[in-house]
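**Q** I am attaching a structure below and will ask some questions about it afterwards.
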Amino acid sequence: MYILGIESSCDETSMSIIKNGREEIATVISSQIDIHKEYGGVVPEIASRNHVKNVTIVLEECLEKANMTMDDIDAIAITYGPGLIGSLLVGLEAAKTLAFLYNKPLIPVHHIAGHIYANSLVSELEFPLLALVVSGGHTEIIKMTDHYKFEKLGGTLDDAIGECYDKVARVLDLEYPGGPKLDKMAHEGYPNYKLPVPLNDDSYNFSFSGLKSAVINLVHNEEQRGNEIDKTDLAASFQKVAVESIIIKMEKAIKENDIKMVIVAGGVAANSAIREEMTKLCEREKVKLSIPDFKYCTDNGAMIGAAGYYAYLDGREADLKLNSVSQDKLA
Ligand code: KG4
Ligand code: ZN
């Protein structure tokens, strides 16, 4: 079964053709990072307008790359939410138009289910599993007992980890999106600054707003004292604590749940320290680990095409009344 996956929830217009939920035939990602960089973050209205400009070009390129036509496609999977509503609607209208014109099933995919199923492109998922979802908008531990059966064990009480990375990066004068640059900078310094490990409690929850404030306060206090901040050391200190707080809760979740596999999902799955520490943790706990290739960590149509296959098998077909939603729980 060939599924056309369409993703436009933030600042990437992306389409991909995926065979049977596991095999990538072709992917095109048109990123708007360079456009939004000068504003220090994604400007929703500008993002929507660029999706409108890009959407037909991305479709044409994707089919061309796959050497296929719409007649070869069996179904269309679309991110219906959560995300920026104007951006989501552009992808959704494209998906609905294609489904109507070519008489193909339309499959609604939750953006986070997409991130989770990016792993299906590199590993066969084995259940029960734990998914660590770490992105610009989400920080959650999800348990899956089977394909498309999601149960939330815990999540952030305030900011998402990616959002926290981007805000701290801004304090360190790094360009948007700062997460990957902060990750790189952390390797050049030593974790000499003392920062509190957030929400070190007995739950599966996270909290990142206090850590962000702690960094901002530390910078202000040092400035007031006339001391220069060692940015690389501060980046290393922040990364150490942020990742430690993830690992503490994942270790607890692995120990307390009888699982076969751990998967990491979302843009922050590209983070070098998360990849390294999760690898060590899963070796210690003797569970299988899957992390997507770098290109499937941030938003892309391939993950939507992969998730769409399993959503379809789960009977999740939508009609043309399908609408986009800016907020929606996966579980
Ligand atoms: O999943 P994604 O592309 O978009 C959302 O659904 O949110 O994730 C983007 C987030 C941004 O906050 C970005 O800074 C962060 O992922 N990110 C990273 C790294 N690469 C991307 N954060 C830390 N370290 C990285 N290497
Ligand atoms: Zn995402």
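**Q** Which of (1) in contact with an Asp or Glu (Cβ under 8 Å, 6 or more places away or on another chain); (2) within 16 Å of ligand 2 (Cβ to nearest atom); (3) more than 30 Å from Leu313 (Cβ to Cβ) is the odd one out, the single condition Ile142 does not satisfy?
**A** In the conditions (1) in contact with an Asp or Glu (Cβ under 8 Å, 6 or more places away or on another chain); (2) within 16 Å of ligand 2 (Cβ to nearest atom); (3) more than 30 Å from Leu313 (Cβ to Cβ), Ile142 misses (3) alone.
**Q** If you don't mind, there's one more thing I want to ask. Filter region 271-311 down to the residues that are in a helix (DSSP H, G or I) and open to solvent by 80 Å² or more (accessible area, probe 1.4 Å), then identify the one that is farthest from Thr79 (Cα to Cα).
**A** Of the residues in region 271-311, the ones in a helix (DSSP H, G or I) are 272-285, 294-296, 301-311.
Then drop every residue that is not open to solvent by 80 Å² or more (accessible area, probe 1.4 Å), which leaves 276, 280, 283-284, 294-295.
Numbers: Glu276: 30, Lys280: 33, Glu283: 34, Arg284: 36, Phe294: 20, Lys295: 18 Å.
Ranking the qualifying residues of region 271-311, first place goes to Arg284.
Listed here are the residues, each with its yes/no results for (1) modelled with pLDDT of 95 or more; (2) open to solvent by 10 Å² or more (accessible area, probe 1.4 Å); (3) polar (S, T, N, Q).
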| site | (1), (2), (3) |
| --- | --- |
| Ile85 | yes, yes, no |
| Ala94 | yes, yes, no |
| Tyr102 | yes, yes, no |
| Val109 | yes, no, no |
| Gly154 | yes, no, no |
| Ile161 | yes, no, no |
| Tyr176 | no, yes, no |
| Met185 | yes, yes, no |
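**Q** So, one more: Kindly indicate which of Glu64, Glu60, Glu23, Glu7 is open to solvent by less than 20 Å² (accessible area, probe 1.4 Å), modelled with pLDDT of 95 or more and of a type in the set (Asp, Glu).
**A** From the options Glu64, Glu60, Glu23, Glu7, the qualifying one is Glu7.
**Q** Output the residues belonging to region 26-53 that are of a type in the set (A, V, I, L, M, F, W, C), in a strand (DSSP E or B) and open to solvent by less than 70 Å² (accessible area, probe 1.4 Å).
**A** Ala26, Val28
**Q** Considering only region 117-133, state which residues are out of contact with any helix residue (DSSP H, G or I) (no Cβ under 7 Å at 6 or more places or on another chain) and not polar (S, T, N, Q).
**A** Of everything in region 117-133, those that are out of contact with any helix residue (DSSP H, G or I) (no Cβ under 7 Å at 6 or more places or on another chain) and not polar (S, T, N, Q) turn out to be Val122, Glu124, Glu126, Phe127, Pro128, Leu129.
The values are calculated or read from the model by the stated rules, or taken from the named source; none is laboratory data. Worth saying up front: this structure is predicted, and the values here are computed from it rather than measured. Because the Cβ atoms are built from the backbone with ideal geometry, glycine has one as well, and the counts that use them run over all protein chains shown. For the accessible areas, the whole protein counts, side chains as well, though only heavy atoms, and no ligand, DNA or RNA atoms are used. Shrake-Rupley method; radii C 1.70, N 1.55, O 1.52, S 1.80 Å.
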